[in-house]
């Protein structure tokens, strides 16, 4: 039995955060049956990412975040720069990963080989 899952991210403005996550994950935008715009893995292996509109703002640290393997430290630096251009924030840098936040503060870890 294969368990498939969808990653649901609570957002205030889907149009603001979707470009950040599309770039971070290397996913493509598609339209679901209910007309929601979702992100899908072009290889078909990764989970679907769906953005759930909520009225409240993010106020505390994430209890869950995505870890994205990006290759080398240079790859991570380049991706982090593109994500900042899309409204993201570089939160912290460590020896083998960089913590980022999307334009609404949802966290993402870019991990790389040292």
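The values are calculated or read from the model by the stated rules, or taken from the named source; none is laboratory data. All of these numbers come straight from a predicted model, not from anything done at the bench. As a convention, Cβ positions derive from the backbone with ideal geometry for all residues, glycine included, and neighbour counts pool all protein chains shown.
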Requested in this report: List the number of the failed condition for residue 37; all other conditions in (1) surrounded by 13 or more Cβ atoms within 10 Å (Cβ to Cβ); (2) in contact with a strand residue (DSSP E or B) (Cβ under 7 Å, 6 or more places away or on another chain); (3) closer than 27 Å to residue 114 by Cα hold.
Outcome: (3)
Query raised in the report: Pick from the range 57-84 the residues that are surrounded by fewer than 16 Cβ atoms within 10 Å (Cβ to Cβ), in contact (Cβ under 8 Å) with a residue 12 or more places away in the chain and in a loop (DSSP other than H, G, I, E, B): which of them is farthest from the chain's Cα centre (by Cα)?
Result: 57
Report summary line: All-but-one check, residue 9 against (1) at pLDDT 95 or above; (2) touching a strand residue (DSSP E or B) at 6+ places or on another chain (Cβ under 8 Å); (3) surrounded by 15 or more Cβ atoms within 10 Å (Cβ to Cβ), failing number (1)
Query raised in the report: Which residues, counting only those in the range 15-43, are at negative phi, out of contact with any helix residue (DSSP H, G or I) (no Cβ under 9 Å at 6 or more places or on another chain), modelled with pLDDT of 90 or more and not in a strand (DSSP E or B)?
Result: 15, 16, 17, 18, 19, 21, 22, 25, 42, 43
Query - Failed condition for residue 51, given (1) assigned to a strand (DSSP E or B); (2) within 25 Å of residue 113 (Cα to Cα) - result: (2)
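Looking at 87, 46 in this structure, which one is modelled with pLDDT under 95, assigned to a loop (DSSP other than H, G, I, E, B) and either buried (at least 17 other Cβ atoms within 10 Å of the Cβ) or touching a helix residue (DSSP H, G or I) at 6+ places or on another chain (Cβ under 8 Å) (or both)? Reasoning before the result, please.
Values: 87 fails: modelled with pLDDT under 95.
Within the list 87, 46, the selection yields 46.
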